[in-house]
Amino acid sequence: MDTKRMVRHVLIGISLLLWGCASQPMTTVESSQPAASNKEVLLASQNSKFKRAVVSEIYDELNQKAIYLKIIDVKGLKNQTAAKFSAVVIINRCMAGRPDPRVESFIEREPQKNKIIVLTTGIRDSWTPATPEVDAITSASVLDKSDHVARSIVKRVLAMVNSKGPTP
C-alpha cells in the first residue's frame with residue numbers, strides 16, 4: 001500500500017471515529033408545569049438508543065405520579081443547580097475510564113450531593129463518583145434491560161422525592 005493511500009485510510013478512519021463520537025444532544029423536555037408540591041426532578045442525559053429508552057421509561061413513570069421532570073442534555077448541567085430539585089438524575093457514558101467532564105464538574109461544585117443519582121454506562125468501564133453521598137449506578141448499554149435500569153432509577157428518585165427532603 002502506498003503512502004498516499006495509507007494516509008487517506010487513516011484520515012477516513014479518524015473522521016469516522018470523530019463523527020461516531022459526536023452524538024446529537026438531548027432535546028430539552030419538561031413534563032408539565034412545575035408542581036407546587038416541590039416534587040421536581042432534573043434529568044440530564046447524553047444521547048444514545050439505550051439512554052433514550054431509559055429516559056422515556058423514567059418520564060412515563062414520573063409523569064404518571066404527577067412529578068415534574070425537566071430533561072436536558074448533560075451540556076446544560078453548567079447552568080443548573082440541585083437546589084430547586086428534589087432529585088437530579090445524570091445519565092452518562094464512561095470512555096477511557098472517565099465520565100463526561102461536565103458531569104464531574106457538576107458533581108464537584110454541587111453542595112447537595114445527596115440529591116444526585118448517576119447512571120454511568122460503558123462496556124468495560126464502570127466509573128462512579130468518589131463522593132459517597134452520590135447514588136451511583138453502572139450498567140452496560142443493553143437495550144433489552146433499559147426498563148430494569150429505569151425502574152431502579154425511578155425507585156431511587158421516588159425515595160428522594162417522597163422524603164422530607166435532603167439537606168445540604
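The values are calculated or read from the model by the stated rules, or taken from the named source; none is laboratory data. Fair warning: this is a prediction, and the values are worked out from it, not measured in the lab. Reconstructed Cβ throughout: ideal geometry from the backbone, glycine too, with neighbour counts over all protein chains shown.
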Count of residues meeting criterion [at pLDDT 70 or above and polar (S, T, N, Q)] in segment 26-52: 5
Filter result for Ile117 (outside any strand (DSSP E or B), touching a residue at least 12 places away in the same chain (Cβ under 8 Å), within 13 Å of Val88 (Cβ to Cβ) and under 13 Å from the mean Cα position of the chain (by Cα)): no
Unique match (being outside any helix (DSSP H, G or I), among the aliphatic types (A, V, I, L, M) and either touching a strand residue (DSSP E or B) at 6+ places or on another chain (Cβ under 7 Å) or closer than 16 Å to Ser45 by Cβ (or both)) among Val157, Val88: Val88
